[in-house]
Amino acid sequence: MNRPASAAPQVKESTLPGVGKKYVMALEEGGHVAVIVKPDGERQLYHFLQDQDRPSDVVTLAGTEAQQVAQLLGPTLVAPPDHEDLQIALGQLDLEWIELDADSALTGQTLLESDLRRRTGASVIAVLRGGEAIPNPPVEQRFEAGDTLVIIGTPAQCDAARARIEGDET
Amino acid sequence: MSPVLELGAVALGLYLAGWLAQRLGLASIVGYIALGLAFGPGSPLPIYTPSETIHLFGDLGLLMLLFFMGLEFSPARFSEGGRAIVVAGTIDLANFAVGFAAGMLLGYGWLAGLFLGGITYISSSGVIAKLLTEKRLLAYPEAERTLGVLVYEDLAMIAILGGLGLLTAGGGWQDFVGVAVALAAFGVLLRWGRRPLERLLSREGETFVLLAIALIALGAMGAHRLGFPEAVAAFLLGMMLAESRHKERLEETLIPWRDVAAAVFFLDFALSVDLRAALAVAPIAISLALVTALVNLGSGYLAGRLTALSHRAAIGHGLMLIPRGEFSLVIVGLATSVSVLPGEVRAALAGITSVYVLTLVVVGSFVFVAYDRINERLARWLLSPAARRRLRERERQLERLRLDA
């Protein structure tokens, strides 16, 4: 994927307790946009004009509408924060985002130790860690809690991989 | 009346009351309280006296409200807000003084004063979060501050509930041993219980819901046996699961239960209020509500200005904190079960609180509906003298320009 040449604009993230997350991005032309992400998938998009602390316009997007708008704005690199399964089905091909937590069987293992490819048939094509992407991770790549693995395979292979990654059994 | 018939009638009544309130643009809690006041044993139309079944649901509703309050609370979120939340939250404690002073002035005694302080202190997270979302105010700078202060209030309320629970326990040494045992048990659970708890909850479907309800009910009642306030126990249980991977599933499956049981809790409380007594204290309750709104506006403004909000946003912060609701009822629910308080004081507290909450939910909702207009008008009206002078000067200049042209 081509990264834009100029540095990506900074996004400030904060928590709205009991409601969701707030992301604020300053705009080059002045003013800023704020995106509110609620756990139920609803997004609210606020536009603030320069030197204003009240928005000039607000758009409320339901879960599916938000995904559609995201498609229109361009492909996203990172899975949406609500961890809905994002499946790209190209015939028999599945691309899935799976987050590791502290309990995951793979946490602490290297790609080689995990033996994921041989056991499930699915391949890890990238590791997303704290906003950074590690494409084509080397076999000695060690997985940490909080990593999101991007895996590719048939739906059955992806299911097997997901069961193995999310399960506690070793 | 057969219990099933009763349950059906209560469900229908709550549905209609909630629907009507929403049609009027108000939070459904207004409908539930009004329903209970209108048809309870103490009203002129005493058509309904709740049975044990309804009390049971109501009690469960109270526990679940607190369980979820704990589940949504996490120390990490608290520290994220940092200094601003601590400053704003501490100034917000002024609203506790309002109720306490009122209790003392009315001659109810210091214990009832403490309860009344809790009632006027705690804003309604439920009503505020819902209105902020619906009226699309979430990205306003004052909304973030407001939601942060609500977290502070939750923590303060748990301390208040715990303190009041201990003060009213009667207090022999056995009680203190019991409380110490309960606290130690929570400490042990917090340190070593999380993983087994995670495993225990790894179930699907109704077994998951049953287990969660058993956990809340038995945990709270076990603590109660030891003389530890069950409301605080339910909160602590929730907090223990705040970082759990089952958190989202708990929310998905149990929030409908909580909302239904909480509706019954509000109704059950309002049914226990003697309407004539409530009307007799209504002038007190409404004055108290207005004083609260004013003090909230003042404390909110001060807190906002001290934490880098603009003049307008700081006024907004005060406005947003006005609604009172479910947690004021939780506190008065505890007050009415305390035998140390004289019966007439308990009845007065129940009457005052029901009218008080009704007033501030209605006033608070109205503030949110016309938020921008009210905020702007107040901001202009409350301009600092210097700013007002500047504004007048600018208007004079404009006038001169117009005359020149």
Measure of compaction for the stretch A:11-73 (Cα Rg per 2.2 N^0.38 Å): 1.12
Those lysines that a straight Cα-Cα span of less than 16 Å connects to B:Lys247, excepting residues fewer than 8 apart in one chain: A:Lys38
Packing-based ranking, highest mean first, of B:156-162, B:26-32 given that Cβ atoms within 10 Å are counted: B:26-32, B:156-162
Shape category assigned to the protein assembly as shown from the gyration tensor of Cα positions, a/c cut at 1.5: oblate
Partner chain coverage, peptide A:17-25 - average Cβ within 10 angstrom: 6
When the convex hull of its Cα atoms is projected in every direction, mean area for the stretch B:242-308 (nm²): 8.0
Computed magnitude of the charge dipole of the stretch B:104-216 (debye, nearest 20; Cβ of K, R +1, Cβ of D, E -1): 240
Distance (nanometres) between label positions extended 7 Å along Cα→Cβ at A:Glu166 and B:Ile255: 1.9
Cα-Cα separations in the stretch A:120-170 greater than 14 Å, expressed as whole percent: 54
Shielding of B:139-152 by partner chains, average beta-carbon count, 10 Å: 4
Around B:Thr307: net Lys/Arg minus Asp/Glu count, Cβ-Cβ under 12 Å: 0
Highest average packing first - B:33-45, B:121-133, Cβ atoms within 10 Å: B:121-133, B:33-45
Sparsely packed trypsin sites (Lys or Arg not before Pro) within the stretch B:10-107, loop by DSSP, other Cβ within 10 Å at most 16: none
Listed residue pairs exceeding 21 Å between alpha carbons, taken from A:Lys21/B:Lys130; A:Lys12/B:Lys130; A:Lys21/B:Lys135: A:Lys12/B:Lys130
20 Å-binned pair-distance histogram of chain B (Cα, whole percent): 26, 56, 15, 3, 0
Only Lys, Arg (+1) and Asp, Glu (-1) charged, at Cβ; the protein assembly as shown dipole about Cα centre in debye: 1920
Proxy reagent accessibility, fewest Cβ within 10 Å first, across B:Phe57, B:Phe265, B:Phe67: B:Phe57, B:Phe265, B:Phe67
Test item: Cα-centred dipole of the stretch A:11-73, Lys/Arg +1 and Asp/Glu -1 on Cβ, debye: 240
Kyte-Doolittle mean at least 1.0 and Cα axial length at least 20 Å: DSSP H helices in chain B: B:3-23, B:52-72, B:141-167, B:173-188, B:205-225, B:282-306, B:343-369
Test item: A:50-62 mean partner chain Cβ contacts at 10 Å: 3
Loop sites in the stretch A:118-170: GluC sites (Glu not before Pro), DSSP, at most 10 other Cβ within 10 Å: A:Glu140, A:Glu169
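Every read-out reported here was derived from the displayed coordinates using simple, explicitly stated rules and does not represent laboratory data. Predicted, not measured: the structure shown is a model, and the values here were computed from it. Here Cβ is always computed from backbone atoms with ideal geometry, including for glycine, and neighbour counts include all displayed protein chains.
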